[in-house]
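Here's the structure, in structure tokens; my notes come after.
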Amino acid sequence: MNAGFGSWLLSMSLGPSTSGGMLGMASGIFIVLAATTFGSALLYAISGFGFAVLAAPLFLLFLDPARAIQLVIIISTALSILVVPGLLRAIAPWLLLRLALGSLVGLPLGLVAFRHADPILVRAAAGATIFGFAVLMAVSRRRSGQPGQRKHWTAFAMSPGGDLAAGAVSGIANAVVGMAGPPVLIYLLLAGAAARTVRATLLAFFALSYGVTLVSHAATIGIPAPTWLAAGILIPFAFLGGLAGRPIGDRLGAEAFAKLAIALLAVAGAYTLGAAAAAFAAS
């Protein structure tokens, strides 16, 4: 697919009602979207988290929030199917089960919020919370690495109730802002879970969570055919990024993983908060 044809096809698939004037968009915009999808998928395969962090903000520049979030959910579901099989042995099955059950409980609440909540307030609250936790963890890890301090700081021990609660918050966040990762990642990092277990369990959880959320959106809200077509155009770029990132993630050490995860959380929070501020200024 050349850039000119891809640009035309993507612009047509997004329809004339799309905010931002996507109809007839230039080839350069298509290249940016494809590159963002590839880079987000690469990061996702390396860390187990991050596709929505990079992709959603850019999609939101050109699409209305509902369509942008649905596009992220579709691509994330397809990408999860690709990257999970290579990490099956590292998955913590009972942890995964409790997170998934919690997500199922939180999902209906998220769908209700998606329909009725003020999107600007939702983005602002989500962004501020994620960014705040990222700063807290970064400061805490730095203090714990000082002489006389514990090397690895943890706020609490994981428990079945905590797993369920983290999953529920993730289910709500997934339906509302298309970001299932931050709540679970924050929980696992605060509890001091092993890096490989975090990555594998996150990826498996996303495969389940995004799949259920996708079906729920299609059944209750509806996903327009142009959105499916746009996702179909971008999914091959996501697959390429996922294939490239999986071997890199397998070699990532625990300390590097923690730093990358905290950086991603900070970016996710800042992007989401910035998007809310921009939307508020434009309203």
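Structural remarks
- Once the Cα-Cα distance is subtracted from the 0.36 nm per residue extended length, the Ala157 to Val215 segment shows a gain of 17.6 nm.
- Contact order for the stretch 164-240, expressed relative to its length and based on alpha carbon pairs under 8 Å spaced 6+ residues apart, stands at 24 percent.
- Among Asp64, Asp118, the sequence by solvent-accessible area, most first, with a 1.4 Å probe is Asp118, Asp64.
- Gain in span if fully extended, Arg251 to Leu104, counting 0.36 nm per residue against the direct Cα distance: 49.7 nm
- Asp64/Ala35 FRET efficiency (R0 25 Å; Cβ-Cβ; nearest 0.05): 0.65
- As computed over the stretch 234-280, the Cα convex hull volume per residue (Å³): 71
- Extended-chain gain in nm, criterion 0.36 nm per residue less alpha-carbon gap, Ala138 and Ala244: 35.3 nm
- Heavy-atom SASA rank of Ser159, Ser40 (probe 1.4 Å, accessible area, largest first): Ser159, Ser40
- For the stretch 74-137: rounded, prolate or oblate by the Cα gyration tensor [a/c cutoff 1.5]: prolate
- Residue-level accessible surface for Val122, protein heavy atoms, 1.4 Å, Å²: 40
- With θ taken as phi - 60° and the Karplus curve 6.51 cos²θ - 1.76 cosθ + 1.60 applied, the whole-hertz 3J(HN,Hα) list for the stretch 109-115 is 5, x, 5, 5, 5, 4, 6 Hz, x standing for glycine and proline.
The values are calculated or read from the model by the stated rules, or taken from the named source; none is laboratory data. Just so we're clear, the structure is a prediction, and the values are computed from it rather than from any experiment. For neighbour counting, all protein chains shown are included, and Cβ atoms are generated from backbone atoms with ideal geometry for every residue, glycine included. These area figures cover heavy atoms from the full protein model, side chains too; ligands, DNA and RNA do not enter into them. Shrake-Rupley method; radii C 1.70, N 1.55, O 1.52, S 1.80 Å.
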